[in-house]
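Taking it in order: structure first as structure tokens, then the write-up.
Derivation of every value follows stated rules applied to the coordinates shown; laboratory data play no part. Everything quoted here is computed from the prediction, not taken from an experiment. Here Cβ is always computed from backbone atoms with ideal geometry, including for glycine, and neighbour counts include all displayed protein chains.
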Amino acid sequence: MNPLWLSKGYYASSEILGLLPPKLQVWLSSFGRSIFMEQFVKHVPKPTALPDSSLKVSAWGLNFRSSLMNSAGMFKNGEGYDVIEALGAGGYIGGTSTTNWRRGNEKLCIKLPSIILPKSKMAVNWLGLPNLGDGVLAKQSFTANKKSDCPIGWSVMRSPDFNESQGVQLLIESLWLYHEHPQIDFIEINESCPNVKNGGGSIIPRLQLISDKFANLRRRNLPLIVKLSNDLTPDIVKELIPHLIRLGFDGVNLGNTSTMYNNYSHKLMDSERDLFDYFTNQFGGGVSGTMLKQSSLALCRAAAEEVEKLKPNHEFHIIRSGGINSAQDLIESSQNGVTLNQWYTGFFENFNKDGYSVYHKLYADLLCLNKQRK
């Protein structure tokens, strides 16, 4: 089944779905998402035209076709590289994974709850890190056709099923597993906002331990990036950047999702507000979509200013992953010190509109905007 038909069918029926009770809407959306993703990773399209060479980006000795790739969470078990590569993405990242197998969240008989709010260009999910576990994932091959200009990254995090001390030790063991994987080119450690309080909370001691046990002992040039939430403030980001550089990390990913629901509920289209409020009250979860773009850009700007001030002795790059959905977003990222961008909700919005030309169309828009700026 062609996943593009599934996508267009869902978006086309969103008005009718909006008339159903909220619980039924969530069930249909969650079930539909799982069916769509099963088909999406199987349907490898014919390769589209590669992006213009002017869009290439180099970081940490890696060559990316462009600055844009998927966000972690799209392919939790390392599926989909061949699809993303064929579409012309700048790179690929799998995960987020944990040391142990996780089934993922289920509540009210709804497995892996998620919703799309197409009019508001927003999505919310409460998936609960479903994945096969690092022991399995670190042994698998992600593709038989890896391209040198489409690097592979992996996102990993401390499992919430263990206390902090044991969780960090197991995370370090997982990092070594991925360190030995010949196809993995960079790693993101996923840290979330609840772990970053009062100017850092326990995040710095955790990262210090990771630095001592892994970052400083790497036997190959494997960039290690720390991923932080969209719910930080620029001041906290500026406070964290010197620590990340001092500890030898190679970059920071800023933006991700948000749990500050009150910041978004009043901005939604009236017809989608009740579903949003129902979902966040019943399930919680992370908000993604275009409403996050200004906050993610502000965080990246703060990080870039701090990096410029500190002038680290090693390559330290900023990745933006909140609210990206257009060529203009990539330009604004570049103007604010961002090297790489990741998209999730924006990808699926554009896929529904442009189909398998999703990257090709965005690159054409980007080249046109760049030409106008000159």
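Classify the stretch 194-350: rounded, prolate or oblate, from the alpha-carbon gyration tensor (a ≥ b ≥ c, eigenvalue square roots; a/c under 1.5 rounded; otherwise prolate if a/b is larger than b/c)? It comes out prolate by the Cα gyration axes. Applying 0.36 nm per residue to the separation of His43 and Asn263 and subtracting their alpha-carbon distance, the gain on full extension is 75.5 nm.
Compute the Cα gyration tensor for the stretch 180-276, then decide on rounded, prolate or oblate, letting a ≥ b ≥ c be the square roots of its eigenvalues: rounded whenever a/c is under 1.5, prolate when a/b is larger than b/c in the other cases, and oblate in all that remain. Verdict is prolate for the stretch 180-276. Value of Rg to Rh for the stretch 134-192, rounded to two decimals, is 1.02; Kirkwood radius and Rg both from alpha-carbon coordinates. If both residues of a DSSP beta bridge must be in the stretch 90-248, then about 35% of such bridges are antiparallel.
Summary of the geometry: the stretch 245-288 and the stretch 114-150, compared by the centres of their Cα atoms, lie 18 Å apart. Note on the chain: helix-only mean residue ellipticity at 222 nm, from DSSP H runs of 4+ residues weighted -39500 (n - 2.57) and normalised by residue number, equals -12500 deg cm²/dmol. Each residue of the chain gets 135 Å³ once the volume of the Cα convex hull is shared out per residue. Count Lys and Arg as plus one, Asp and Glu as minus one, and take only other residues whose Cβ is under 12 Å from that of Gly80; the net charge is then -2.
Beta bridges from DSSP with both residues in the chain: antiparallel share about 35 percent, rounded to the nearest 5. Among the listed pairs Lys76/Lys107; Lys23/Lys121; Lys227/Lys309; Lys121/Lys309; Lys56/Lys227, a Cα-Cα separation exceeding 28 Å is found for Lys121/Lys309.
Here's the list of aspartates and glutamates a cross-link from Lys8 could span, going by alpha-carbon distance under 17 Å and ignoring same-chain residues fewer than 8 apart: Glu38, Glu349, Asp354.
A Förster radius of 41 Å combined with the Cβ-Cβ distance from Leu108 to Gln294 puts the calculated FRET efficiency at roughly 0.80.
Sparse packing (at most 16 other Cβ atoms within 10 Å of the Cβ) combined with a DSSP loop state is found for the following trypsin sites (Lys or Arg not before Pro) in the stretch 67-111: Arg103.
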